[in-house]
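Report on the structure given below.
No lab work stands behind these numbers, since they all come straight from the coordinates. Keep in mind that this is a model prediction, so the values were computed, not measured. No Cβ is skipped: glycine too gets one built from the backbone with ideal geometry, and neighbour counts run over all protein chains shown.
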Amino acid sequence: MRPDVAGGCAVKVRIEPVNDRMCIVTRDRGQPDGLIRFVAGPDGSVVPDLRQALPGRGCWVTAERTMVDLAVKRKLFGRALKTEVTTDPELGGVVDRLLCDSLFGMMNMARKSGQFITGSGKVEDAVRSGSAIALMHASDAADDGVRKLRQANTARALGVTEAEIPVFRLFSAEELALAMGEGAFIHAAALAGQAGEGVVKRAKMLARYRNGPEAGPD
């Protein structure tokens, strides 16, 4: 809010943040990083625009599976896009797969640039040295391996008086093998750098999309 003057009287004028967008489900406003953009494709189908770059009128939904499912159920996309559209009843699942593909692609990019490492020994060294910025485990990884890396994470945090780095368990070993082939892993770490930070950003978005804003990393 800021004071303005109209006819000699002070009037309060609300100033909205420039980049705010409104979710068509909740009607709450938020930053684009916390929402998913949708557009109408050439064939009239509702298309997720994760990069927020597709041409045409767009609408925004809070980046959570439950919100996308509600938008589909309430038939909100046609109204928001101001055109007749066809909405895939499984749109929420489509978005999940796109988020997964985006994360897998960034993992491969980060690996090539040396900012995503795999193997329990290398990962533990990276955690203890402070070079790791996030941990990833297969969701069905053995408890012993997970526990060992958790202890390293805790020891690192105590040593540098910082919070523990985030930990993600988003995919099973089988899902990782199917998606990444030889690049599949049981334990991995993202390291500092643009590509490594890109992995963490996408992992956080997928975790939130699946589990809600309070879930985040493990």
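Any idea what the alpha-carbon Rg over 2.2 N^0.38 Å comes to for region 94-211?
Numbers: Rg = 13.3 Å, N = 118, 2.2 N^0.38 = 13.5 Å.
That works out to 0.99 for region 94-211.
Could you tell me what percent of the DSSP beta bridges with both partners in the chain are antiparallel, to the nearest 5?
85 percent
Please report the equivalent ellipsoid semi-axes of region 72-144, computed as sqrt(5 x eigenvalue) of the Cα gyration tensor, largest first, in whole Å. Please list the in-between numbers first.
Values: eigenvalues 317, 42, 20 Å².
Value: 40, 15, 10 Å, ordered largest first.
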Response to the item:
Any DSSP H helix in the chain with Cα axial reach of 27 Å or more and mean Kyte-Doolittle score of at least -1.0? Listed by number, the hits are 91-112
Worksheet, complete the sentence: Karplus-derived 3J(HN,Hα) from phi for region 24-37 (6.51 cos²θ - 1.76 cosθ + 1.60, θ = phi - 60°), whole Hz, x at Gly and Pro, runs 6, 8, 8, 6, 7, 9, x, 6, x, 4, x, 9, 10, 8
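How would you rank Glu182, Glu164, Glu84, Glu124, going from fewest to most other Cβ atoms within 10 Å of each one's own Cβ? It would help to have the intermediate numbers written out before the result.
Values: Glu182 5, Glu164 16, Glu84 8, Glu124 20.
Lowest count first: Glu182, Glu84, Glu164, Glu124.
What ranking do Arg128, Arg208 get, fewest neighbouring Cβ atoms within 10 angstrom at the top? Mind dumping the intermediate values first?
Numbers: Arg128 16, Arg208 20.
Ascending number of Cβ neighbours within 10 Å: Arg128, Arg208.
Report, in deg cm²/dmol and to the nearest 500, the calculated mean residue ellipticity at 222 nm for the chain, where each DSSP H run with n ≥ 4 adds -39500 (n - 2.57) and the sum is divided by the residue count. All intermediate terms of the calculation are to be shown ahead of the outcome.
Values: 7 runs with 91 residues, N = 218.
Rounded to the nearest 500, the figure is -13000 deg cm²/dmol.
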Fill in: For the chain, the fraction of alpha-carbon pairs in successive 5 Å shells from zero, as %
1, 7, 13, 15, 15, 12, 11, 10, 7, 5, 3, 1, 1, 0, 0
Worksheet item: Under a straight-distance cross-link criterion of Cα-Cα below 23 Å, which lysines are reachable from Lys73, leaving out those fewer than 8 residues away in the same chain?
Response: Lys82
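Using Cβ counts within 10 Å as a stand-in for footprinting exposure, how do Ser113, Ser129 rank, fewest first?
Values: Ser113 13, Ser129 10.
Going from sparsest to densest Cβ surroundings: Ser129, Ser113.
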Worksheet item: Once the convex hull of the C-alpha atoms of region 12-89 is built, how many Å³ does it hold per residue, rounded to a whole number?
Response: 104 Å³
